[in-house]
Amino acid sequence: MSRARSVLPWLSGLALIGVLVAWFLLTHKRELQTIPLPARGEASYNPLYALKLSLHAQGQQVQSRQRLDLAKMHLGRHDTVLIYSDPRTLGDAELEALFAFVETGGHLILRLPAWQQGASHTTLAQWLPIEANLHKPACMALNVAGQTPHREFCNGAQFDLSKGAKTRAAWHTRQGQHVFARFGYGDGSVDVLSTLEMLNNDSLIEPPHSDFTRQLLAPNWDAGRMHLVYAADMPPLWRWLLIHAWKVLLPLLLALLAWLWLRAQRFGPWLPSPVQPRRALLEHVDASGEHLLRYGKLTLLHRALRETVLARLRRVDPLIAAQQGDTQARLLAQRLGLHPDTLRAVLDTRPPATPHEFRQRIARLIALRKRL
């Protein structure tokens with residue numbers, strides 16, 4: 001009986017665990033989830049990086065450049081040049097060289113400037129039979145068999161062809177406004193599109209976009225090298241700082257304010273600054289003399305000044321200082337040109353009897369010290 005009681009809690013615990021496991025398996029199922037990571041390396045700044053890898057995989061010769069550099073590109077007669085950036089950034093000399101390359105058999109792909117009210121593309125209108133004015137964007141249907149219908153060119157401006165313009169291929173709305181046109185130019189061809197968004201890294205994964213890209217690059221496929229010219233779209237420095245730099249500047253600003261708060265004086269009543277302690281020796285001497293004079297210590301003050309005068313005399317004339325009494329008074333009188341009786345009264349060791357006598361003798365001692 002006791003053994004059954006000891007086993008019962010274990011059986012109950014195992015049963016509870018089994019119920020929990022069964023509940024978890026019935027209410028949960030395992031699923032695989034793919035989380036796209038942010039682009040790194042060249043893919044983070046080259047919008048045509050996926051196109052470059054796709055063309056490599058299909059055996060095409062590809063070069064990818066951030067800037068158009070005709071001197072280093074060494075264009076061949078049957079090469080293809082795709083310029084992803086705004087054509088208004090191209091100079092007249094660069095456009096002239098590009099169309100000369102097309103005239104010998106090359107294939108050039110350009111896009112229109114981004115749509116904005118009153119936008120135009122006079123740069124391309126000077127070389128191709130298209131009108132300079134642009135029209136509002138309009139979505140175009142792109143249907144591929146077996147794929148979900150797509151709507152393209154929703155963000156790209158539309159353009160008109162000039163009268164009598166001949167195209168090898170075109171894509172236009174019912175109103176006759178175009179989003180794509182291919183013109184023959186000499187032995188080559190020039191493609192103009194409203195936008196090249198279908199060719200960038202995020203869009204090329206869609207099968208309809210990859211099929212359209214293949215048709216776009218068809219004129220010189222397997223005939224020459226593909227030159228992909230992109231422009232790294234870097235925002236202005238002030239905008240980049242506004243978007244990212246606050247993550248560093250805000251903690252630094254808070255730390256600076258905290259440091260200033262610690263270093264600043266606290267608010268309180270307006271009180272004058274406390275008087276700093278002074279070490280003025282003459283003030284101490286004056287105060288000590290006034291204290292002795294107030295308490296009648298005339299003899300002490302007279303003796304101190306007399307010793308000071310004699311100390312200076314010993315430095316000036318030790319022989320006279322060594323004498324005493326009348327002899328000292330006579331020799332000092334000869335040196336200073338004074339009467340011996342006057343000097344005898346000045347150097348007298350008797351203490352002054354009255355304050356008046358004290359002041360007279362002190363004044364004479366000071367005058368004697370000055371003459372020594």
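The values are calculated or read from the model by the stated rules, or taken from the named source; none is laboratory data. Just so it is clear, the model here is predicted, and its values are computed rather than measured. Using ideal geometry, Cβ is built from the backbone for each residue, glycine included, and neighbour counts are taken over all protein chains shown. Side chains are part of the model used for accessible areas, which takes the heavy atoms of the whole protein and leaves out ligands, DNA and RNA. Shrake-Rupley method; radii C 1.70, N 1.55, O 1.52, S 1.80 Å.
Could you please tell me which pairs satisfy a Cβ distance under 6 Å, a separation of 6+ or placement on different chains, a first residue in the stretch 306-322 that is under 17 Å from Arg344 (Cα atoms), and a second residue that is at pLDDT 80 or above and open to solvent by 80 Å² or more (accessible area, probe 1.4 Å)?
Between residues of the stretch 306-322 that are under 17 Å from Arg344 (Cα atoms) and residues that are at pLDDT 80 or above and open to solvent by 80 Å² or more (accessible area, probe 1.4 Å), the close pairs are Ala321/Arg314.
Inside the stretch 48-76, can you point out the residues that are over 15 Å from Glu94 (Cβ atoms), without any contact (Cβ under 8 Å) to a residue 12 or more places away in the chain and assigned to a helix (DSSP H, G or I)?
Leu53, His56, Ala57
Are there any pairs, at least 6 apart or on different chains, whose C-beta atoms fall under 9 Å, with the first in the stretch 25-44 and at positive phi and the second open to solvent by less than 100 Å² (accessible area, probe 1.4 Å) and at pLDDT 85 or above, and if so, which?
Between residues of the stretch 25-44 that are at positive phi and residues that are open to solvent by less than 100 Å² (accessible area, probe 1.4 Å) and at pLDDT 85 or above, the close pairs are Gly41/Tyr49.
If Ala223 meets every condition in (1) touching a helix residue (DSSP H, G or I) at 6+ places or on another chain (Cβ under 9 Å); (2) assigned to a loop (DSSP other than H, G, I, E, B); (3) surrounded by 13 or more Cβ atoms within 10 Å (Cβ to Cβ) apart from one, which number is that one?
So the condition that Ala223 fails would be (1).
Within the stretch 161-207, how many residues are of a type in the set (Asp, Glu), in contact (Cβ under 8 Å) with a residue 24 or more places away in the chain and either surrounded by fewer than 20 Cβ atoms within 10 Å (Cβ to Cβ) or part of a helix (DSSP H, G or I) (or both)?
Residues that pass the stated criteria total 3.
Test Ala43 against the criterion of being at pLDDT below 85 and open to solvent by 50 Å² or more (accessible area, probe 1.4 Å), and give yes or no.
No.
May I ask you to list the residues in the stretch 165-188 that are among the polar types (S, T, N, Q) and on the phi > 0 side of the Ramachandran plot?
Across the stretch 165-188, there are no qualifying residues.
Among the numbered criteria (1) modelled with pLDDT under 85; (2) touching a His at 6+ places or on another chain (Cβ under 6 Å), which single criterion is violated by Met198?
(1)
Can you name every residue in the stretch 77-136 that is closer than 19 Å to Glu197 by Cα, open to solvent by 60 Å² or more (accessible area, probe 1.4 Å) and assigned to a loop (DSSP other than H, G, I, E, B)?
Ala114, Trp115, Gln116, Lys136
Can you tell me how many residues in the stretch 31-58 are among the small types (Gly, Ala, Ser) and under 21 Å from Gln215 (Cβ atoms)?
Here the count works out to 3.
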